[in-house]
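Remarks on the structure that follows.
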Amino acid sequence: MALNQVLFLGLRTVHVLSGVFWVGVAFVVTGFVEPTARRLKGEGQRFLQVLMLQSRLRQWIMAAAWTAVLSGIVLYSSDAHYGWVFTPYGVAVTIGGIAAVAALGVGMGVLRVVADRMAELGKEIQRTGRPPSEAQGQQMAALQQKMHWASRVEVVLFIVVLVGMALGA
């Protein structure tokens, strides 16, 4: 096996593993962890804060997302003759890739920003030593709703990614 084939297989393995982690975490958090935390109300929100802000899960998610997307771009562009892009395989992979980049945009542009603002607001509330004011409660609820919908948009994009990659495989 030639060195470039070994490198290609290695990069493809990294791409698949990082994508599996990224998509898997999104499905588990969106489908199970977040709804359970909502039912637990205050305790659940504290759990989510610890999970996303005090553990290293957030950093792992971002690293996996960037690794999956960047390795995907390298794999996609590794063929200097782009005629394959117009084949059924190429169309499926292209659509899946575009959806992955869009999911990264939702994750970095919405979910990360909202999570940072929720963390700031949580610290403000903790500093007072009192329950949140009505305004803080409303702001937190609005942020949670934005997080709720953005995470669902990301999961829908991931379904498109998975279908595209499965059809392209």
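The values are calculated or read from the model by the stated rules, or taken from the named source; none is laboratory data. Worth saying up front: this structure is predicted, and the values here are computed from it rather than measured. Using ideal geometry, Cβ is built from the backbone for each residue, glycine included, and neighbour counts are taken over all protein chains shown.
Computed values, structure above
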quantity	calculated
Answer residue from region 65-83, given it is farther than 20 Å from E34 by Cα and among the aliphatic types (A, V, I, L, M) and is surrounded by the fewest Cβ atoms within 10 Å (Cβ to Cβ) among those	A80
Any pair with Cβ under 8 angstrom, 6 or more apart, that starts in region 113-133 at a residue that is under 17 Å from L48 (Cβ atoms) and ends at one that is outside any helix (DSSP H, G or I)	I125/P131; I125/P132
All helices (runs of 4 or more DSSP H) inside region 1-67 with 3 or more residues being of a type outside the set (D, E), more than 21 Å from V114 (Cα to Cα) and modelled with pLDDT under 95	3-28
Flag if V85 is at pLDDT below 90 and either of a type in the set (D, E, K, R) or more than 16 Å from Q49 (Cα to Cα) (or both)	yes
Of all residues making up region 46-64, the number that are over 18 Å from W22 (Cβ atoms) and surrounded by fewer than 16 Cβ atoms within 10 Å (Cβ to Cβ)	5
